Structures are given as structure tokens and as C-alpha cells.
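**Student:** Okay, here's the structure, questions in a sec.
The values are calculated or read from the model by the stated rules, or taken from the named source; none is laboratory data. Nothing here was measured: the structure is a model prediction, and the numbers come from that model. Virtual Cβ from ideal backbone geometry, glycine too; neighbours counted across all protein chains shown. Ligands, DNA and RNA are excluded from the accessible area calculation, which covers all protein heavy atoms including side chains. Shrake-Rupley method; radii C 1.70, N 1.55, O 1.52, S 1.80 Å.
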Amino acid sequence: MSTTRRATLAALAALPLAASFASPAAARSHRTDRRTLYVAGDSTAAQKYVDAEPETGWGMALPFFLADRIEVANHAVNGRSSKSFVDEGRLDAVLATIRPGDFMLIQFAHNDEKRADPTRYTEPWSTYQQYLKLYIDGARAKGARPVLATSVERRKFDADGNAVPTHGDYPAAMRALAEEEGVALLDVEALSLALWQRLGVEETKVYFNWTATEQDNTHFNPPGAIAVARLVARELLHAGVLPARDVRRIGDEIDELADVWASRLTWLPGTTPA
């Protein structure tokens, strides 16, 4: 195994272990053995089409870390913000099928930040929180459990090699809303930033969509999607959203995961919709 690969494994191993047991409330929430986890989000989580390969959303890899009884319904779409996802009727589509005992995992910020685009922009401490509350209230009205997830960080380093946060006040605004509303929070922003810091400037390129023709510091390739999905699964366990029996493989080595997952990962036929 190469030195950089060993460093990668060490960095992943250094992440804090999740709690071994879910909260009693989470255990009581089980209505049946089979439930659905809906993902509402942007391109970092979305299912990809063949024209985007090897770009991979972390939502594509998430089922690998969950028990078969937990189905993932990935509604994340490229380019969407908390606002445009609602305005296009995508939240309504989720609410039309979500059932009591299901989960709605909500991750937005990358496109909410685009101030020049009024169809997507939200202000962190006002409209962003207002739109997120639509997801929370909608899930609860259907008897489902909302789960907020701060946005995964981009790959950005300063001149001294320190991983730099890029999402401004959006993570803080989501954390505050989660506390105010009593919603489980997966702090993927903080965990991914810490992971990029541990991996460093060069090794992080292994996780992002860097190809011969593109240097993409926002979207992931399969190893990156696996790494972020692992963070999400760990947080689902740590936050008491899922019990230990519903989370698997979070301690497996990344090499093993990449080898196993490579034969299962699929991109949708056709081209990425606008």
C-alpha cells in the first residue's frame, strides 16, 4: 500500500467513532422493518448521469452504509438551492410519497450562496432558514422525521495548507435552526472540513472530480462520494436518527470499499438535466 494511501486510511480512522446505540426515541420511531430515507439537496449529493461520470454524488454511495431495510430515495438535483427546490415543486413531490416513520435528510447551501441569481439565492439568517422550515414542517406533517445536514465543504486551502471553510454563515444558520426546532443535525460541513485538513492539499485531489480535463473542487469522484457518505452514515448513528443495526461498514477501509463499490456504482442513462 502506498504512503499516501496509508495516510488516507489513517485520516479516516482518526475521525471520531459514532455512538454504538440509538436513543430510545429513535428506537420507538420504528414502525416497520422497512423505511425510506429521502435526500433533498444539490449536486454534491445527487444521482449522476453517464455524461457526468466519474462525478459521483454522496447520495449514490449512502445505501452502501445502510441496512437493506433502509431504502434511499435520492431527490437531490444539480444546481438546486433550498428555494429553487421548493419553487420547482420538488419538495411537494417528496411530500406526496413520504410516509410516517420515514426520514427527510435536507442539505442545501452551495447554491443558496449565489447572490447574483434571484431564483436560487437565500439570505442565511432569514430566507434560508424560512425555506428550510418548509421542509421541516412538511416532513413532520406527514409523520416523517426531518434531519438537517450542513453542506459538505469544497476543496479549498490557504497558502499555508489549511483547509478553508467556504459556506459563510449558512452552516451556523442551519445549526441555530436545528436547535430552535429540535431537529437532528448532521454537521457534515465541520466533519468534511476536518477530513480535508487531515488529508492535505495533494491527497484531497484523490477524492474530488479531478480528471485530465477538469479540476473540480466541489464535486466528488467515487472515493470522495464514499468518504462523505461514510460521514453522513456516522452522523445518522451519532445523532440517534438510526440505530446501530441500520448502519454498516463505517469502519471498513477505503480501499476495500472502493473495490466492492466499483462493481455496484451506476450512473443513470442519458444526460444531466439542466
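**Student:** If you look at just the Cα atoms of the stretch 79-133, how large are its Rg and its Dmax in Å?
**Tutor:** Cα-based Rg and Dmax for the stretch 79-133 come out at 11.8, 39 Å.
**Student:** A further question follows. For the stretch 121-172, with the dipole built from +1 on Lys and Arg beta-carbon atoms and -1 on Asp and Glu ones, taken about the Cα centre, which of Pro165, Ala139, Gln129 lies farthest toward the positive end?
**Tutor:** Ala139
**Student:** What full-extension length gain, to one decimal in nm, is calculated for Glu253 and Tyr49 as 0.36 nm per residue of separation minus the Cα-Cα distance? Show your work: numbers first, answer last.
**Tutor:** Values: separation 204, 0.36 × 204 = 73.44 nm, distance 2.72 nm.
That works out to 70.7 nm of additional length.
**Student:** A further question on this structure: In square angstrom, what is the accessible area per residue of the stretch 118-187 with a 1.4 angstrom probe?
**Tutor:** Working: 3060 Å² over 70 residues.
Ligands and nucleic acids excluded, the figure is 44 Å² per residue.
**Student:** Determine the gain in length on full extension of the stretch Trp125-Ala141; use 0.36 nm per residue of separation and subtract their C-alpha separation, reporting nm with one decimal. Mind dumping the intermediate values first?
**Tutor:** Values: separation 16, 0.36 × 16 = 5.76 nm, distance 2.39 nm.
Contour length minus Cα-Cα distance gives 3.4 nm.
**Student:** When the Debye formula is applied to the Cα atoms of the stretch 92-242, each taken as the same point scatterer, what base-10 log of I(q)/I(0) results at q = 0.13, 0.18 Å⁻¹?
**Tutor:** Debye curve over Cα of the stretch 92-242, log10 I(q)/I(0) at q = 0.13, 0.18 Å⁻¹: -0.65, -1.14.
**Student:** Also, quick follow-up: Given charges of +1 on the Cβ of Lys and Arg and -1 on the Cβ of Asp and Glu, with all other atoms neutral, how large is the dipole of the stretch 51-203 about its Cα centre, in debye to the nearest 20?
**Tutor:** Values: 17 positive and 25 negative charges, 88 e Å.
For this selection, approximately 420 debye.
**Student:** Computing the accessible area with a 1.4 Å probe over protein heavy atoms, can you report the carbon and sulfur percentage for the stretch 50-135?
**Tutor:** On the way: 1730 of 3310 Å².
C and S fraction of accessible area: 52 percent.
**Student:** In nm, to one decimal, how far is the modelled label at Arg69 from the one at Ala159, with both set 7 Å along Cα→Cβ?
**Tutor:** For Arg69 paired with Ala159, the spin-label model returns 5.6 nm.
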